[in-house]
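Notes for the one structure printed next.
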Amino acid sequence: MSRGCWPVLVALALGTVWASAWAAVPMADQAAYRSPEGLTLRARVQRISPPAPTVIRWRHGGEGLGGKVVRGVFPRPDGSSDDGDALQVGQWSAPLAVTSFVSDRFPPQLFLTVTGGSAGRVVDRRTRRREGYSRDVVFEFELAYQGRVVKRFTETGPDGGTVTIVIPAERLVGDVQPDSPEFLDGVCGVLQYATRRAEFLEQLPWAERPLPERYLVLSNVGGYGVGFGYGIRTTDQRVTWAELRSLRQLGVNGLRSPPEFLLELLRRGDPRMEPFRRGLLVRVMGFPVPVFRPGRPLDPEAGCPFGLGVAERTFRGVEESVEAVVDLPVDQVWGLTVDEIGTVVDRSPEGKGHLAACPRCAAGFRRWLAARGLKPADFKAADWSEVRPLDVWDPEGSRTWLDDPHAALLAYWTRAFNNHVTAMLFTPLRKRFGSMNEAKQRALEQGSTGPEAARPWVYSFALRGNTFLMKGHSLDFFDFYREADNAIVYETSNRDPRIWGWDSYLCDVQRVVGEVMGTARGIYIKPHRGAPIQRMLSAVSRGNTMIYWYTYGPDYKKGDSFSGHRDTLALVSKAAHLLGVAEDALYGAKWAAKAEVAVVKPETTQRWMNLAGNPPHLTAAWENAKWIYTALTHSHLPVDPLDETMLATEDLSRYKIIYVNGSHLRHDAAEALVRYVEQGGTLYTSGWGLTRDEANGPLDVLQPVLGLVRRDEPEMWYRVELYGASHLEPYDDPQRQLAPVPAEAAIVGIAPFNAAFRAVIGREALRPAPNAQVLAEFADGAPAAVRHRYGRGQAMTVGFFTGLEYSATVRRPDYDMRRDFDPGRRRFVTAPALALTQPVVDVSDPLVEGVLLETGGGQRAITLANWAYAVTAMRNNAQGRETPVVENVPAENLQITVRTNRPVRSVTSCMLQQTLEFAVREGSLTVRLPRLEEGDVLVIE
Ligand SMILES: [Zn+2]
């Protein structure tokens, strides 16, 4: 429970303590809950149709819940528990110690699935429809504590002999014993459990507010099936209906792979399914290549993107995908191709080495290079026969490309080719879905009510990990969408609150990709990984129209789901109702002011980082670029992330400044930057930026622009870790120290870099040309920052990792983001931009991100996301390890200033549900917001 940040919820929880399964257990006590020692459980079948003696079995875990399935049998009264020993209808089993269900530590909540009767048999192999299973099965359970009966209850399986009950050991804290009402009240079947969850959500203070109707909000509701079988936890449709009540409170208006009976009701137009008609997520074609499996006969086309059967399999895959989506009774269908997609050649026996080993792929490589205008001579080869992909992924390889310029360019393009061969396999599907949408659009414009107009909008997407924000990826986040998919979708997963704001970076990538390539945008938000409100606001501020709360579960059906986390449920519900209130001002809205700052984290840097075996100066360069984004965001500067192709081909003149942070940059992109600066642009780089080209040769073309006469490799003091979604590393781990930080690391700058501090990562002592201006020095007098005027523009080079050094101050175990980020260090990133452009939404708090949006109808709104988190206490977790308690830190009395020339009648906070004080003068609107928790939307009339 957040201190002070949830006053309403705290009060609510206290008012209903133990009244529901959703009552709060004090977090401090939760770690110390006890096993239900002395408690026994017995079971009987009270009723079953047709009547017959049955074995009563129990199981838990596995089948999507994580871990292995643990199973057993309720013994006969004489104690025998042979699997064949059936109990008569009405006959009690012998009691079992509840602790005996679990061999290691008892889980906070045990979901015990109990089955009896007949499972029936599958009569339709395609739909897996069953018949002949027992129906109307009523199980009765009896709990006894130290031999005394303390509770009896029943759970019903109308559509088969499967029920699930809940044993909430997490309540066994303090004085609560297994016979205490506080504990016993929580022992129940999942029907009651699900109903209480719905009641909890329906009592939240914002529960009556509107919910989104135009955004597609997805989640899943599993666990129901008939008879018994894998993953079936209930045969009672009332359980699913209770969960749907909860899903509505989370704004869900579309489902992923719902149970067949819900699909059937959707098809029939049943009014109960009306709220879930906005969309569906279904599987569509995957890779049109066979998969290699060790131990199975080898298919020679396994994993090969140029296999002879690819065309035929693609044709069939596209046809089946169309068939799977075209008649679905919803507004839009999002078709998932490959979950957490990686390169296609991972499906071959050689893995990524396939490209180097396969003659078909080598031929494809040559054709592709030739189509890009490359010639054998570019690879220092006499003819194409010498040009072939290299095995650049072999960790034991000799890395010939580091010394051999011929191999260097081949290595680079092999990595690019890997992206291409994966993406190209989905071009036919993207085109087909695209033309279906065009046909629908035309039909609607012509006022048709025919079948084309009635069909859903259809989107194809591969689910992307957020690898752009992590260690990197083999599938580029820009180039991939030049060929594959008509929607860009990724999943959030970073766990460290200090970098949750990076999701805005990737959502900005989605926005730019969406605008340039016409793709729809969607996001899987994992609420239990934190910040669902901020992440949602970040996404909808950048044109995402599909949000998937990943994943509801429910918790007795699926592990790694959020439906069992009370505070998380409340936050998701809060997010959904905020979106509902603000929807008309947000849906379809675009940025009211275009970004005047561009950022580039060059793919070429990542490729060479990997090709060089991730040496410290290159991993530092890769991580550095992410914190450049953070620093710019903290100065409230909106940015467009671009890739090298965009640099080379787009009109850059609308950008006042372009930040390129990465050691390696493609030559054509570098030439575009030369022109950009000549014509008046400002170029910024740091952290050994812009030193090398795609062949790992010196990037000579840019050095005269930067005003540098020589580029030496930086001296490195710390081996920076590539961020891997979990904890952010400190910068004082002796194991990762490469050298003691020398006295020269002290930096002193002059305007606009007027700040002084001591760097910890490394430095490049810059070698400026005589006409360049030194703006900062290391303690030994070596230049640390250089400005150089070139043509009508200028370039700024900083000789250390400005982004990483900006992050260094928040890398402490007791961090407070609002306190720790240092404006002086930030200046080394943002001062050049602030001299040339201004924030669009300037907020008095650096950690609050504001975006000004405008709909086609001229409606304006500001989204506000509060990314400030702090460690507020330490506590022992369930394993007894001391862990920080991290909480979102609300902001009070925020002042928000917006550039605008338009008259303003009122400003309303959608979260506070009140109009706000504001003032308008000289082209700016200033608003005072009394309180901001996780996020808000201000609607400007
Ligand atoms: Zn091949």
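The values are calculated or read from the model by the stated rules, or taken from the named source; none is laboratory data. Owing to the predicted nature of the structure, the values given are computational and were not obtained by experimental measurement. Quick reminder, even Gly has a Cβ in these numbers, built from the backbone with ideal geometry, and neighbours come from all protein chains shown. Keep in mind that these areas ignore ligands, DNA and RNA; they rest on the heavy atoms of the full protein, side chains included. Shrake-Rupley method; radii C 1.70, N 1.55, O 1.52, S 1.80 Å.
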Can you tell which of P158, P212 is open to solvent by less than 40 Å² (accessible area, probe 1.4 Å) and within 30 Å of H577 (Cβ to Cβ)? P212
Could you give every pair whose Cβ atoms fall below 8 Å, whose first residue belongs to the stretch 899-919 and is within 13 Å of A585 (Cβ to Cβ), and whose second residue is polar (S, T, N, Q) and open to solvent by less than 90 Å² (accessible area, probe 1.4 Å), counting only separations of at least 6 or pairs across chains? T908/Q914
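List the strands (runs of 3 or more DSSP E) that sit entirely inside the stretch 790-907 and contain at least 3 residues that are under 29 Å from the mean Cα position of the chain (by Cα) and more than 30 Å from P704 (Cα to Cα). Don't jump to the end; show me each part of the working.
Working: elements: 793-798, 841-843, 848-854, 860-866, 869-876, 882-888, 891-899.
Fully inside the stretch 790-907 and qualifying: 841-843, 848-854, 860-866, 869-876, 882-888, 891-899.
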From G553, G564, G543, G588, residue being under 18 Å from the mean Cα position of the chain (by Cα) and open to solvent by 10 Å² or more (accessible area, probe 1.4 Å): G543
Working carefully through the options V489, V421, V509, find the one that is aliphatic (A, V, I, L, M), open to solvent by less than 20 Å² (accessible area, probe 1.4 Å) and out of contact with any helix residue (DSSP H, G or I) (no Cβ under 8 Å at 6 or more places or on another chain). V489
Selection within the stretch 106-155 - hydrophobic (A, V, I, L, M, F, W, C) and in contact with a His (Cβ under 9 Å, 6 or more places away or on another chain): L110, F111, L112
Pick out, from the stretch 349-451, the helices (runs of 4 or more DSSP H) lying fully within it that include 1 or more residues that are within 16 Å of the ligand (Cβ to nearest atom). 354-357, 359-371, 405-423
Checking the structure you have, find out if any residue of the stretch 118-137 is farther than 23 Å from Y224 by Cα, touching a strand residue (DSSP E or B) at 6+ places or on another chain (Cβ under 9 Å) and in a strand (DSSP E or B). no
Do you know which of the residues in the stretch 596-647 that are under 24 Å from the mean Cα position of the chain (by Cα) and of a type in the set (G, A, S) is nearest to R826 (Cα to Cα)? A631
Can you tell me which residue in the stretch 309-348 is farthest from P275 (Cα to Cα), limited to those that are more than 16 Å from the ligand (Cβ to nearest atom), β-branched (V, I, T) and in a loop (DSSP other than H, G, I, E, B)? I341
Long-range neighbours under 9 Å by Cβ, at least six apart or interchain, first residue free of Cβ contacts under 8 Å to residues at least 60 places away in the same chain and outside the structural domain of K352 (by TED's automatic domain parsing) within the stretch 292-309, second more than 10 Å from the ligand (Cβ to nearest atom) and open to solvent by 90 Å² or more (accessible area, probe 1.4 Å): F292/L298; E301/L308; A302/R293
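Filter the stretch 387-440 down to the residues that are of a type in the set (S, T, N, Q), in contact (Cβ under 8 Å) with a residue 24 or more places away in the chain and under 14 Å from W608 (Cα atoms) and list them by number.
T414
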G522 vs (1) more than 18 Å from M817 (Cβ to Cβ); (2) surrounded by fewer than 22 Cβ atoms within 10 Å (Cβ to Cβ): all pass except (2)
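Quick check on this structure: which one of L265, L255, L281 is assigned to a helix (DSSP H, G or I), assigned by TED's automatic domain parsing to the domain that holds P329, away from the ligand (no atom under 16 Å from the Cβ) and not β-branched (V, I, T)?
Result: L265 is the single residue among L265, L255, L281 that is assigned to a helix (DSSP H, G or I), assigned by TED's automatic domain parsing to the domain that holds P329, away from the ligand (no atom under 16 Å from the Cβ) and not β-branched (V, I, T).
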Being more than 9 Å from the ligand (Cβ to nearest atom) and surrounded by 15 or more Cβ atoms within 10 Å (Cβ to Cβ) is the filter; apply it to the stretch 295-308 and report the residue that is farthest from C358 (Cα to Cα). D299
Output for the stretch 786-812, where each listed residue is over 19 Å from Y731 (Cα atoms) and among the hydroxyl-bearing types (S, T, Y): Y790, T797
Tell me which residues, restricted to the stretch 242-293, are surrounded by 21 or more Cβ atoms within 10 Å (Cβ to Cβ) and polar (S, T, N, Q). S246, Q249, N253
Those residues that are assigned to a loop (DSSP other than H, G, I, E, B), touching a strand residue (DSSP E or B) at 6+ places or on another chain (Cβ under 7 Å) and either modelled with pLDDT of 95 or more or among the small types (G, A, S) (or both), I need them from the stretch 227-241; list them, please. G227, I232, R233, T235, D236
Determine whether D820 is without any contact (Cβ under 8 Å) to a residue 24 or more places away in the chain and of a type in the set (D, E, K, R). yes
For the stretch 841-884, which positions are closer than 18 Å to L637 by Cα and of a type in the set (S, T, N, Q)? S844, T863, N866
May I ask you to verify whether V774 is more than 27 Å from N610 (Cα to Cα) and buried (at least 16 other Cβ atoms within 10 Å of the Cβ)? yes
